[in-house]
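Inspection log for the structure reproduced underneath, given as structure tokens.
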Amino acid sequence: MKRNARKAFNELKKLGVPVSESGYGHFVISAEDNVDEVWADFYDAMHIPGWEFGVNPKITTILNKYSLMDEWINPGILGVYDG
């Protein structure tokens, strides 16, 4: 994993975002582990003001900081890639 992606991964993990390493991009974010806070929701969060495409703005801010972007792989997983 590239240095910028590792920094974003660690920062997101520290916030409690359900991240894991995988074969999709740099890492993935689960949209199914929204226990204490909703991090990503393919269906309902598209209607929450400030959210882009169902992704919590806290995630978007960190990914932008490290020149990364997210993309839905399926309704349960976001892949993180170079921006």
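The values are calculated or read from the model by the stated rules, or taken from the named source; none is laboratory data. All values derive from a computational prediction rather than experimental measurement. Please note: Cβ atoms are built from the backbone with ideal geometry, for glycine as well, and neighbour counts cover all protein chains shown.
Do we find a residue being assigned to a loop (DSSP other than H, G, I, E, B) and without any contact (Cβ under 8 Å) to a residue 24 or more places away in the chain anywhere in the range 74-83?
Scanning the range 74-83, I find at least one residue that is assigned to a loop (DSSP other than H, G, I, E, B) and without any contact (Cβ under 8 Å) to a residue 24 or more places away in the chain, so the answer is yes.
I'd like the full set of residues that are surrounded by fewer than 20 Cβ atoms within 10 Å (Cβ to Cβ) and under 17 Å from ALA31 (Cα atoms), limited to the range 1-13.
Keep residues of the range 1-13 that are surrounded by fewer than 20 Cβ atoms within 10 Å (Cβ to Cβ), which gives 1-4, 6-7, 10-11, 13.
The one that is surrounded by fewer than 20 Cβ atoms within 10 Å (Cβ to Cβ) and under 17 Å from ALA31 (Cα atoms): LYS13.
Quick one: which of GLY50, GLY16, GLY23, GLY83 is surrounded by 12 or more Cβ atoms within 10 Å (Cβ to Cβ) and small (Gly, Ala, Ser)?
The match here is GLY16.
Looking at (1) touching a residue at least 12 places away in the same chain (Cβ under 8 Å); (2) not in a loop (DSSP other than H, G, I, E, B); (3) not aliphatic (A, V, I, L, M), can you tell me which one PHE42 breaks?
Of the numbered conditions (1) touching a residue at least 12 places away in the same chain (Cβ under 8 Å); (2) not in a loop (DSSP other than H, G, I, E, B); (3) not aliphatic (A, V, I, L, M), the odd one out for PHE42 is (2).
Between residues in the range 5-21 that are under 15 Å from LEU78 (Cα atoms) and residues that are modelled with pLDDT under 95 and of a type in the set (S, T, N, Q), which pairs lie under 6 Å by C-beta distance while being six or more apart or on different chains?
Qualifying pairs under 6 Å: PRO18/SER30.
Could you check the range 53-71 and list, in sequence order, the residues that are surrounded by 15 or more Cβ atoms within 10 Å (Cβ to Cβ), touching a residue at least 40 places away in the same chain (Cβ under 8 Å) and not in a helix (DSSP H, G or I)?
Across the range 53-71, the qualifying residues are TYR66, LEU68, ASP70.
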